[in-house]
Amino acid sequence: MIQLAMGAALAAEPVEPDEGLKVYASSLAAGRIVIGLAPIVAPEASMQLLGFPVEHDNPTGRMVAGLFGTRDIALGAIVLANLDDERALRRTFLLNLCVDLADAAVISIPLWTDAGIDTGAQRSMAFALGGATAWTLGLTLPWSW
């Protein structure tokens with residue numbers, strides 16, 4: 001029964017979002033993609049900007065940063081791919097919000113444990129909470145359903 005209801009909801013005709021909502025969503029997606037590209041194309045500058053210790057700039061750190069970068073690019077692309085369907089777009093906002101809140105939870109661990117990366121963790125937290133705020137604000141915009 002639940003599958004039938006979900007299938008019916010997914011099969012519903014797409015609702016075209018308001019132009020302002022599309023612009024807001026596109027802007028957030030572009031920001032997420034740029035943030036994702038940064039550690040891939042400029043890993044040293046990205047680590048310096050975030051304030052991580054120089055000794056953490058190594059092949060392992062760059063690989064992990066690149067993984068986060070590809071994730072952010074994919075999250076932004078998902079938003080762009082759903083710009084013409086308001087219901088799907090709303091789900092992408094929720095997905096991005098959940099990812100940013102999960103990031104904030106993980107980032108809080110080194111802050112609580114005195115891991116020696118306070119500056120990098122604090123600046124990363126600002127990005128995570130800033131993103132979460134932007135997606136939350138987007139969810140408060142006028143949606144047609």
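Numbers at a glance
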quantity	calculated
Reciprocal of mean inverse Cα separation for the chain (Kirkwood radius, Å)	16.6 Å
Separation in nanometres of the label points that stand 7 Å from Cα toward Cβ, at residue 41 and residue 60	2.9 nm
Rounded to 10°, Cα long-axis angle of helix 59-81 versus longest principal axis of the chain	20 degrees
Residue 23 paired with residue 74, simple spin-label distance in nm, labels 7 Å along Cα-to-beta-carbon	3.2 nm
Between the stretch 83-138 and the stretch 19-56, the Cα center-to-center distance that results, in Å	13 Å
Order of 47, 125, 63 - criterion: other Cβ atoms within 10 Å of each residue's Cβ, fewest first	63, 125, 47
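Taken together, the values in this text are just the output of simple stated rules run on the coordinates, not laboratory data. Just so it is clear, the model here is predicted, and its values are computed rather than measured. Backbone-built Cβ (ideal geometry, glycine too); neighbour counts: all protein chains shown.
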